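So the structure is just underneath, and the comments pick up after that.
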Amino acid sequence: MQKRWVIQSFKPYDKVAALDKILGTPSAISTVLVDREIETFEAARHFFRPALEQLYDPFLMQGMERAVARLHQALTKKEKILIYGDYDVDGTTAVAMVYGFLQTLPGAAVSYYVPDRIVEGYGVSMQAIEKAHQDGIKLIVTLDCGIKAHRPIALAVERGMDVIVCDHHEVGDVLPLAYEILNPKQPGCCYPFKELSGCGIGFKLLQAFCSYCGLKSATLYGYLDLVAVSTACDIVPLVDENRILAYFGLKQLATQPRPGLQALIELGGLTTTITISDIVFKIGPRINAAGRMSHASLAVQLLIEQDLVKAYHLAQSIDQQNLLRQSLDHTITQEALAMIENKTHLSKSNVLFKPDWHKGIVGIVASRCIEQCYRPTVVLTLSDGKATGSARSISGYNIYEAISACSGLLDQYGGHAFAAGLTMPLAHVAKFQKQFEKVVSETITDDLLIPQQPIDALIPFQAITEKFVNILMQMAPFGPGNATPIFASEKVYARKFYLIKEKHLKLELYQTDCSVSYEAIGFGLGSYFPLVATGKPFAIAYTIGYNYYLGHKSLQLMVKDIKETVYMA
């Protein structure tokens, strides 16, 4: 797929030069920092040296005072408390954290509930509320869901239960009738940071609770591994508070993870240097597999398990579920791509429906389709007589708003700019396809339909010094909002080149005016083999990192794209 190389932005030379002088950083590094609005020594200090003391006061969040007071009251009176979370990684880590913390308190009568993805679907279910009432629950705390659960929460209130909603999804025009709502995105909330994960909101609730009860904040720090996993997998921006939480959560994952995560780390073959990417591609899919293929309560059991041997058994069971998920993923993706290829007309979106597709896989399939055909994509299947599924977007396009514009055809929907879930009557599928395409066509620009290859700076190989790389590594953790810097170099030659598995490109690259050559790998770039084999110079877009092999660490360029010459849009 052809990409359009785009310089992220051109920052004023004086700001870059000033930062060079203040920090003593190479100009390319300063350019990256200024582009991320790090322009002063103080901003750089906060960025390069995160501290838990920099976390915001949780009581700045609207509703926190009442929420904590109600939670404390329930614990004091030994009322039955239910921790209710979504079935994905964010929800299950949040449940494991809040439930795990509360159950350590003397006399706490706390239980947890995660809905069945297939039977109950997303969010707070009526079935769960009825069961909670039968079990004598007096307080429900929802995590990573609830902001649009009007009917279930109204039922809970009718049944004499209070509900505290902890959610980070976009709010609707009307808020549910909960006892209190913790969501920085709700109108009137002055909390300084709006992009916490669902687990992050739960962490702030516990942070406030510790303060309210006079407990040390350090009591919570043992749960930061869970917060880091949720932050990585829910694709929230790795800036501000999220960066701090992820930074320290990654440290814990590398040194003292909880048994369940330790088991997943070993199953994923990860080293002690764990990155956000490792979580997203190795840990997250395994946790998600439980909810996709069987029941997400298995993931919660794993994450709260204190015995390492039992954790290994649970992790192995989840790993088997993940293998099944991978098989279904491949089959359904091929069917979905065939549908796209067989379309008789060009479109700016894809809405795909097949009644026998597995409900737990459709979100992954939507993402896979975007990788091959760069369009906002909705993948639907049949469940309980309804068409239900997941939507995924492309960079720069808000798919939640597009779905909202079609709300008249939907029974329910929810999500955010990049991902959403939706349900509709079967009779509305064709109408939705037509209306969604109309909305997307009217609101998307043609340039957004061409995948961009962002470039932070154009540099020669001579710029890649030891100091340069050391500073670069200190900019981690990398993720949305703080992406791994991507550089471009031109007039590059390949000294060695060969294909791995017929699709990955392994290279040794050099420039004529630089004495050092670099190992490079281009995953999925096998089609460029003829170009690099000509002996002619070419341009590469790449990130810089390390390759670990048999205990040996070496510098490696991860090639993202190749062109005959540099062309920047």
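No lab work stands behind these numbers, since they all come straight from the coordinates. Since this is a predicted model, take the numbers as computed values, not measurements. So basically every Cβ, Gly included, is an ideal-geometry build from the backbone, and we count neighbours across all protein chains shown.
General observations
- Potential lengthening of the chain between Ala417 and Ala218 amounts to 68.2 nm, from the contour at 0.36 nm per residue minus the alpha-carbon distance.
- Model label sites at Arg66 and Lys467, defined 7 Å from Cα along the beta-carbon direction, differ in position by 5.7 nm.
- Degrees between helix 308-341 axis and first principal axis of the chain (Cα, 0 to 90, nearest 10): 70
- Sorted from greatest to least, the principal axis extents spanned by the alpha carbons of the chain come out as 76, 59, 48 Å.
- The stretch 254-334 shape via C-alpha gyration tensor axes, a/c threshold 1.5: oblate
- Maximal additional length on extending the Glu490-Glu37 stretch stands at 160.4 nm, based on 0.36 nm per residue less the C-alpha distance.
- Point-to-point label distance, Ser27-Leu550, nm (Cα→Cβ direction, 7 Å offset): 4.2
- Pairwise label distance in nanometres, Leu323 with Thr76, each label 7 Å out on the Cα-Cβ vector: 5.3
- Between helix 429-443 and the chain: long-axis angle, C-alpha atoms, 0 to 90°, nearest 10: 50
- For the peptides 475-484, 109-118, 281-290, residues were scored by their other Cβ atoms within 10 Å and the scores averaged per peptide; the highest-first order is 281-290, 109-118, 475-484.
- Among the GluC sites (Glu not before Pro) in the stretch 1-107, those located in a DSSP loop and surrounded by at most 11 other Cβ atoms within 10 Å of their own Cβ are Glu37.
- A Förster distance of 45 Å, applied to the separation of the beta-carbon atoms of Glu53 and Tyr13, puts the FRET efficiency at 0.80.
- With respect to the chain, whose longest principal axis is taken over its alpha-carbon atoms, helix 362-372 is tilted by about 20°.
- Of the beta bridges in the chain, as assigned by DSSP with both residues counted there, near 60 percent are antiparallel.
- Overall, the anisotropy analysis places the stretch 372-476 in the prolate class: the square-rooted eigenvalues a ≥ b ≥ c of its C-alpha gyration tensor yield a/c not less than 1.5, with a/b exceeding b/c.
- Gain on full extension, evaluated as 0.36 nm per residue between Lys194 and Met558 minus their Cα-Cα distance, stands at 127.8 nm.
- Taking GluC sites (Glu not before Pro) across the stretch 497-527, the ones in a DSSP loop with at most 16 further Cβ atoms lying within 10 angstrom of their Cβ are Glu502.
- Cross-link pairs beyond the 26 Å C-alpha cut-off, checked among Lys148/Lys204; Lys386/Lys438; Lys359/Lys501; Lys148/Lys431; Lys354/Lys431; Lys216/Lys251: Lys359/Lys501
- Cα gyration tensor, the stretch 396-446 - rounded (a/c under 1.5), prolate or oblate: oblate
- Relative protection proxy for 462-468, 161-167, 545-551, 485-491, from highest mean packing down: 161-167, 485-491, 462-468, 545-551 (other beta-carbon atoms within 10 angstrom).
- Packing here is the average count of other Cβ atoms within 10 Å per residue, and on that basis the peptides 552-563, 241-252, 96-107, highest first, run 241-252, 96-107, 552-563.
- Positive-end ranking of Ile265, Ala476, Ile201 along the dipole of the chain, with charges on Cβ about the Cα centre, is headed by Ile265.
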